[in-house]
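Taking it in order: structure first as structure tokens, then the write-up.
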């Protein structure tokens, strides 16, 4: 059994505060965003899945929202190792929401491909993509119409000549943070030690603004594996600063999650992300 680290506890408390801030009025959009934060950043797959399930079943929710909730639930079940239940939700999406083309296409891909198809991180050097849009391979826990508003690819102001990403927290955003992340199969990394690195710099709007990178591992049977979100060593410098997280991937690991977070109202620039296996 893995005991919670200080970072895990801090992240969980942040998630609770976040959900309370976003969902007091019960607005589906804010509840969806809170669920996605629980899933992508905190790793509370059970809690996120329950919220997705409730949203999908709620009367009055738009078909787009319901389809995204079903897809979110399926992803959580997949990460929890409940492949049969996840596939049932993918098929439900195809049966009941085939008119939602993006979600239906993702459901078809998930049914057709094995769970280990996404075998490693993608687009770490931000070479792919269109400036002003979320970089391909990366994910922003927001509704599609908001995603490009919270993180964007840039070809200017980067440390490297290829490209970089900017994680934004607009002044009118409903919560004081934004994230950019991705998740991939842990199959190729089980039993190994990995190292995540990146160059970060912060354009702060307040002394409390900070940038943090995280690496987490999801294990079988809802167990939390390695987790580090730099909560004890955030970046506050306006200069490019190289950061690293090194940790073990459990033999029963299912998914690895990586990402960068802007906490406060600042802008976090991300460049030169790397992911490697040590000792090979």
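The values are calculated or read from the model by the stated rules, or taken from the named source; none is laboratory data. Please read these numbers as outputs of a predicted model, since none were measured by experiment. When we count neighbours, we look across all protein chains shown, and the Cβ atoms used for this are built from the backbone with ideal geometry, even at glycine.
All but one of (1) at pLDDT below 90; (2) surrounded by 14 or more Cβ atoms within 10 Å (Cβ to Cβ); (3) farther than 16 Å from residue 255 by Cβ hold for residue 105, so report the exception by its number. With (1) at pLDDT below 90; (2) surrounded by 14 or more Cβ atoms within 10 Å (Cβ to Cβ); (3) farther than 16 Å from residue 255 by Cβ applied to residue 105, the lone miss is (2). The single condition among (1) touching a residue at least 60 places away in the same chain (Cβ under 8 Å); (2) assigned to a strand (DSSP E or B); (3) closer than 29 Å to residue 79 by Cβ that residue 188 does not satisfy is (2). Within the range 78-87, the only residue that satisfies the criterion of being without any contact (Cβ under 8 Å) to a residue 12 or more places away in the chain and touching a helix residue (DSSP H, G or I) at 6+ places or on another chain (Cβ under 8 Å) is 85.
Scan the range 266-280 for residues that are assigned to a loop (DSSP other than H, G, I, E, B) and surrounded by fewer than 18 Cβ atoms within 10 Å (Cβ to Cβ) and report the count. The qualifying residues number 3. Is there a residue being surrounded by 20 or more Cβ atoms within 10 Å (Cβ to Cβ), at pLDDT below 95, in contact with a strand residue (DSSP E or B) (Cβ under 9 Å, 6 or more places away or on another chain) and in a strand (DSSP E or B) anywhere in the range 239-254? Yes, the range 239-254 contains a residue that is surrounded by 20 or more Cβ atoms within 10 Å (Cβ to Cβ), at pLDDT below 95, in contact with a strand residue (DSSP E or B) (Cβ under 9 Å, 6 or more places away or on another chain) and in a strand (DSSP E or B). Scan the range 131-168 for residues that are within 16 Å of the chain's Cα centre (by Cα), modelled with pLDDT of 75 or more and not in a strand (DSSP E or B) and jot them down. Of everything in the range 131-168, those that are within 16 Å of the chain's Cα centre (by Cα), modelled with pLDDT of 75 or more and not in a strand (DSSP E or B) turn out to be 134, 135, 136, 137, 138, 140, 150, 168.
Criterion applied to 205, 188 was being at pLDDT below 95 and in contact with a helix residue (DSSP H, G or I) (Cβ under 9 Å, 6 or more places away or on another chain), and the one residue passing it is 188.
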